Amino acid sequence: MIPMPAPDSAILAKRTQIQEALRALMDRPSDLISEDLALKVYETDGLSAYRQLPLAVALPRTTEEVARLLAYCHQQGIKVIGRGSGTSLAGGALPTQDALVLGLSKMNQVLDIDYDNRCARVQAGVTNINVSNAVEMENFFYAPDPSSQLACTIAGNVAMNSGGAHCLKYGVTTNNLLGLTVVLMDGRVVTIGSEAMDGDGYDLLGLFTGSEGMLGLVTEVLVRILPKPEGARPMLVGFKSEELAGACVAEIIGQGIVPVAIEFMDKPAILASEAFAKAGYPTDAQALLIIEVEGSTLEIEAQEARIQEIAGRYDPVSIKLSENAAQAEAIWRGRKSAFGAMGQISPDYLCMDGTIPTGKLPEVLSRIKQVGEAYGFQIANIFHAGDGNLHPLILYDANAPGEIDRVEAAGEDILKICVEVGGCITGEHGVGIEKRDAMMLMFNETDLQQQMRIKRVFDPLWLLNGAKVFPLDINPADTKGQRIAA
Amino acid sequence: MTQSNDILRPGSAQELQAMIAAASGALAIEGSGSKAAWSRQTSQPTQSLTTADLAGIDFFYPAEMVVQCGPGAKLATLESELAAGGHRLAFDPPDYAALFGKPDAQPTVGGAIAANLAGSRRAYRGGPRDHLLGVQFVNGQGEAIKSGGRVMKNVSGYDLCKLMTGSWGTLGVLSQVTMKTAPLMEMRRTVVVQGLEEAQHLAALIAASRSPYDLVAAAYLPAGEAATLGFDASVSLLEIEGLEPSVLYRSEQIATLLAKTLTGQAPSCRNLDQEQSANLWRSIKDLAPVLGQPQCLWRLKPKPSDAAAVMAQLRARFDGPGLKMLVDWGGNLVWLASDQAISRADLAGLPGQKTQLIGSDDQPFEPLHPLQTELQSGIKRAFDPDGRLNPQRLYSDF
């Protein structure tokens with residue numbers, strides 16, 4: 001199990017008093033939650049093996065309310081953990097007992113849409129899909145599309161720099177933002193970025209994106225919206241081996257064709273998805289690619305013809321174009337339900353999130369197989385093949401004694417492989433608590449001290465989501481503020 | 001390790017680290033010096049340090065769309081290496097050496113990143129900040145630091161690549177950069193739109209940018225500026241690229257769309273082929289249409305919907321034979337050049353960021369809000385507490 005810091009007993013001793021003081025700061029007293037039963041909703045996130053009731057939960061509705069809450073917590077030395085919808089798979093929103101959870105779920109309004117300038121201003125608690133929904137009538141969309149997009153918030157996307165299946169063409173969150181309104185831990189509000197790209201001075205927009213809610217709380221976001229292509233269509237190609245599928249991806253990109261998405265599934269993932277979604281996946285294939293291209297019908301057909309020609313050189317088991325909307329939907333349904341499908345064949349799974357140089361895929365898959373065999377776990381692999389983001393799903397049973405420790409050890413072994421071949425420990429889920437210690441696989445203490453000095457510029461008392469990202473046993477070298485103890 | 005004319009020239013990351021650790025005062029950091037005339041000058045440097053010798057290309061993998069090199073690599077060298085493999089730098093950096101009166105200085109990749117310089121594709125394909133995947137640098141304490149990596153998706157720790165981009169060497173001196181590349185497309189074509197009034201031209205940029213036809217660049221040139229590129233009247237230029245059937249289809253659709261959308265005048269549209277397109281856009285990103293010997297050059301960043309009003313204002317305030325303007329980034333960028341001196345105060349009231357490239361204001365960069373100054377000064381101290389790296393080059397406060 002991943003250790004968490006011991007709570008601040010002085011804060012715990014004043015629990016009721018603090019809850020009342022926080023309630024008094026709210027526009028509506030009922031937006032402060034302090035009953036244990038109601039707090040339970042917030043005790044965990046997408047990394048549900050870890051649970052902890054927080055000190056209290058506040059659900060503010062305005063930037064001003066957030067500013068009041070943070071100023072008070074800053075003054076009182078109370079830790080704060082920001083939360084969107086709690087879909088983090090890395091424990092990014094996991095509470096501690098002595099912390100206020102500040103949930104943004106009530107800040108869910110789209111404030112302004114500006115089609116001519118291709119941007120929209122939204123409150124940070126709006127869900128990812130609702131940004132796209134709000135602009136769909138004018139044939140626009142918001143590009144980053146994490147699998148959790150029905151639930152996850154833009155605030156969480158900013159915190160984790162979320163990706164999705166379509167980032168090969170459109171980039172990740174950081175490439176699709178123009179500005180932020182941020183409340184600093186001391187309650188001051190800072191506006192970052194604007195409709196103008198690349199403002200002078202340091203790129204705080206880029207720094208905040210992916211900083212896991214540790215530098216400030218984002219309350220409003222100015223997002224880039226894009227005109228929708230005329231159409232999009234996925235195709236399925238089955239291969240006799242993972243190597244052939246990997247080589248096919250390399251040639252497609254090498255030929256200058258950049259599809260909007262290239263998704264890879266290995267045999268265990270194909271079988272599980274097909275059993276669950278019945279999308280017509282080729283169960284005789286060792287590996288499968290879902291390749292999506294977009295444009296007008298004419299453009300789609302031109303790209304498909306070129307891709308078919310390339311795929312034909314890699315001895316495909318099957319090539320299946322989607323001939324209508326229903327078939328296209330079925331192809332994506334299989335992929336998007338792949339995680340859920342694992343529930344049919346295993347009580348639990350741990351979803352890893354490394355990124356590897358795409359050319360290393362066959363080597364990495366074979367080494368992951370060895371890890372699975374060594375620990376006795378079945379592992380299915382889903383891979384954003386265009387951009388190298390690999391999601392091995394390690395199937396296990398959380399109720400079996402000791403199994404969680406073994407699955408975490410297997411996961412760390414996989415991350416080691418990702419780093420060894422030139423990749424990284426997390427492509428889109430973030431570090432959270434889950435990969436805190438794995439940061440040392442990529443960075444040395446000097447690197448991390450540099451990052452920690454940046455945190456201290458924004459949060460010198462280390463109150464904001466402080467038990468995340470950095471290994472707990474590294475103390476800032478020159479800290480004057482209080483540091484959580486391991 | 002070589003030392004000539006007091007200029008430090010590290011030949012490796014280790015040498016760079018040793019030189020910064022041993023520095024007794026402020027260092028003026030540069031690449032080829034092509035943009036030295038732009039920013040504020042480093043405050044009281046004891047020595048200069050150039051990254052020119054950290055110029056090797058470590059690898060370029062077209063199938064992974066990634067290149068790694070030293071910051072001193074010349075953009076021209078790098079671009080031709082990439083082109084040989086069918087690729088280009090995704091952020092399409094401009095070459096301002098001629099603009100700053102140093103035609104012999106060859107801009108480096110480190111300089112483009114330090115100044116966050118993107119070409120005409122910025123609004124549609126991103127800038128250096130979007131395509132820098134990994135960095136290694138030495139901070140002001142002489143510590144070697146790394147961030148990011150060589151893969152496209154990476155959220156492992158804070159994104160220091162973003163801080164290094166556009167920080168003008170004030171936070172760290174790059175020793176290695178890893179960037180995303182983009183494949184050269186089978187066909188590129190520019191739709192040339194003429195026969196419109198200025199406001200209608202700017203409306204055409206917006207209409208095309210709102211369309212599903214996937215522009216990679218969109219610019220507008222008034223008649224005089226357009227004449228420098230061989231056009232007989234004011235012109236909007238819309239660039240697209242991709243597979244041939246797709247490009248042919250989209251260029252027709254764009255012409256149809258503009259004829260339908262723009263009221264009053266019927267635009268005339270024609271197409272420029274691959275080579276014409278490439279030359280045209282090189283001239284635009286390097287600012288050839290506003291070159292000459294301007295007294296001042298400003299970069300304004302309005303919203304596209306404000307661009308027409310901004311140009312009208314600029315004309316009202318500064319009209320004269322030396323006034324030259326160019327709109328790029330689909331209306332998000334307005335270049336202003338003039339034979340008369342124009343100060344920041346003269347631009348008061350115009351919307352958007354304003355940056356001086358040539359002129360007499362001692363603060364070329366957009367002034368910061370006091371809270372921003374406090375935070376950015378803090379970031380400077382977090383990287384360079386003793387103020388060794390380009391102090392005050394960006395802002396007088398740090």
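The values are calculated or read from the model by the stated rules, or taken from the named source; none is laboratory data. These numbers were taken from a predicted model, which means no experiment stands behind them. Heads up, the Cβs are rebuilt from the backbone with ideal geometry, glycines too, and the neighbour counts pull from every protein chain shown.
Taken across segment A:52-64, residues that are surrounded by 16 or more Cβ atoms within 10 Å (Cβ to Cβ) and more than 19 Å from A:Leu464 (Cβ to Cβ) do occur, with at least one present.
The set of residues in segment A:1-49 being at pLDDT 95 or above and hydroxyl-bearing (Ser, Thr, Tyr) consists of A:Ser9, A:Thr16, A:Ser30, A:Ser34, A:Tyr42, A:Thr44. Flag not set for B:Gly320, criterion: more than 14 Å from chain A (Cβ to nearest Cβ), at positive phi, modelled with pLDDT of 95 or more and assigned to a loop (DSSP other than H, G, I, E, B). Based on what the data block shows, is A:Ala410 at pLDDT 95 or above and away from every other protein chain (no Cβ under 14 Å)? Criteria met by A:Ala410.
A:Leu150 passes every criterion in (1) free of Cβ contacts under 8 Å to residues at least 12 places away in the same chain; (2) out of contact with any Gly (no Cβ under 7 Å at 6 or more places or on another chain) apart from (1).
Taking first residues from segment B:155-167 that are more than 7 Å from chain A (Cβ to nearest Cβ) and more than 18 Å from A:Cys418 (Cβ to Cβ) and partners that are part of a loop (DSSP other than H, G, I, E, B) and at pLDDT 95 or above, the Cβ contacts under 8 Å between residues at least 6 apart in sequence or on separate chains come to B:Met164/B:Leu171.
Could we say that A:Lys416 is among the basic types (Lys, Arg), closer than 15 Å to A:Cys351 by Cβ and at pLDDT 95 or above here? Here the answer is no, as A:Lys416 does not meet what is asked.
Among the small types (Gly, Ala, Ser) and within 14 Å of chain A (Cβ to nearest Cβ) - does that describe any residue in segment B:248-268? Looking through segment B:248-268, at least one residue is among the small types (Gly, Ala, Ser) and within 14 Å of chain A (Cβ to nearest Cβ). Residues in segment A:384-441 that are of a type in the set (Asp, Glu) and without any contact (Cβ under 8 Å) to a residue 12 or more places away in the chain: A:Glu403, A:Glu420. Considering only residues in segment A:253-293 that are at the interface with chain B (Cβ under 9 Å from one of its Cβ atoms) and not in a loop (DSSP other than H, G, I, E, B), the one that is farthest from A:Tyr170 (Cα to Cα) turns out to be A:Gly254.
Annotation note: of B:Leu257, B:Leu248, the sole residue that is within 17 Å of B:Ala218 (Cβ to Cβ) and surrounded by 13 or more Cβ atoms within 10 Å (Cβ to Cβ) is B:Leu257. Checking segment B:271-282 against the condition returns a match, with at least one residue being closer than 17 Å to B:Asp214 by Cβ, assigned to a strand (DSSP E or B) and touching a helix residue (DSSP H, G or I) at 6+ places or on another chain (Cβ under 6 Å). Residues in segment B:193-202 that are surrounded by fewer than 21 Cβ atoms within 10 Å (Cβ to Cβ) and either in a helix (DSSP H, G or I) or touching a strand residue (DSSP E or B) at 6+ places or on another chain (Cβ under 7 Å) (or both): 4 in all. Pull up segment B:215-224, narrow it to residues that are of a type outside the set (A, V, I, L, M) and surrounded by fewer than 23 Cβ atoms within 10 Å (Cβ to Cβ), then point me to the one that is nearest to the other protein chains (Cβ to nearest Cβ). In this case the residue turns out to be B:Pro222. For segment A:173-191, the tally of residues that are more than 8 Å from chain B (Cβ to nearest Cβ) and either in a strand (DSSP E or B) or of a type in the set (D, E, K, R) (or both) stands at 9. Among the criteria (1) at pLDDT 95 or above; (2) under 30 Å from A:Arg436 (Cα atoms), the one A:Pro347 does not fulfil is (1).
Only residues that are farther than 18 Å from B:Arg129 by Cα and either charged (D, E, K, R) or at pLDDT below 95 (or both) were counted across segment B:48-78, and they come to 7.
If you go through segment B:331-378 and pick out every residue that is touching a Lys or Arg at 6+ places or on another chain (Cβ under 9 Å), β-branched (Val, Ile, Thr) and more than 10 Å from chain A (Cβ to nearest Cβ), you end up with 2. Just to verify a result, which residue in segment A:415-455, among those that are surrounded by fewer than 24 Cβ atoms within 10 Å (Cβ to Cβ), more than 8 Å from chain B (Cβ to nearest Cβ) and acidic (Asp, Glu), is farthest from B:Asp159 (Cα to Cα)? It comes out as A:Glu420.
Considering segment B:31-59, the residues that are charged (D, E, K, R) and under 23 Å from B:Ser80 (Cβ atoms) include one that is surrounded by the most Cβ atoms within 10 Å (Cβ to Cβ), namely B:Lys35.
The residue pairs whose first member lies in segment A:1-12 and is closer than 25 Å to A:Gly402 by Cα, whose second member is hydroxyl-bearing (Ser, Thr, Tyr), and whose beta carbons are closer than 8 Å, counting only pairs six or more residues apart or on different chains, are A:Met1/A:Tyr50; A:Ile2/A:Tyr50; A:Met4/A:Tyr50; A:Met4/A:Thr96; A:Pro5/A:Thr96. Evaluating A:Glu299 against the criteria (1) more than 21 Å from A:Phe383 (Cα to Cα); (2) not in a helix (DSSP H, G or I) leaves one unmet condition, (2). Can you say whether B:Ala226 is in the same structural domain as B:Trp335 (by TED's automatic domain parsing) and in a helix (DSSP H, G or I), as far as the supplied structure shows? Judged against the criteria, B:Ala226 is a match.
Being farther than 30 Å from B:Pro321 by Cα and of a type in the set (D, E, K, R) is the filter; apply it to segment B:341-383 and report the residue that is surrounded by the most Cβ atoms within 10 Å (Cβ to Cβ). Once the filter is applied, the top-ranked residue is B:Lys380. Pairs meeting the criteria (first residue in segment B:117-140 and facing chain A (nearest Cβ under 10 Å) and on the phi > 0 side of the Ramachandran plot, second residue crowded, with 23+ Cβ neighbours inside 10 Å and aromatic (Phe, Trp, Tyr), beta carbons under 8 Å, at least 6 apart or on different chains) are B:Gly126/B:Phe91. Condition first: under 30 Å from A:Thr63 (Cα atoms) and either of a type outside the set (A, V, I, L, M, F, W, C) or assigned to a helix (DSSP H, G or I) (or both). Now tell me which residues in segment A:219-252 satisfy that. Hits for segment A:219-252 are A:Thr219, A:Glu220, A:Arg224, A:Pro227.
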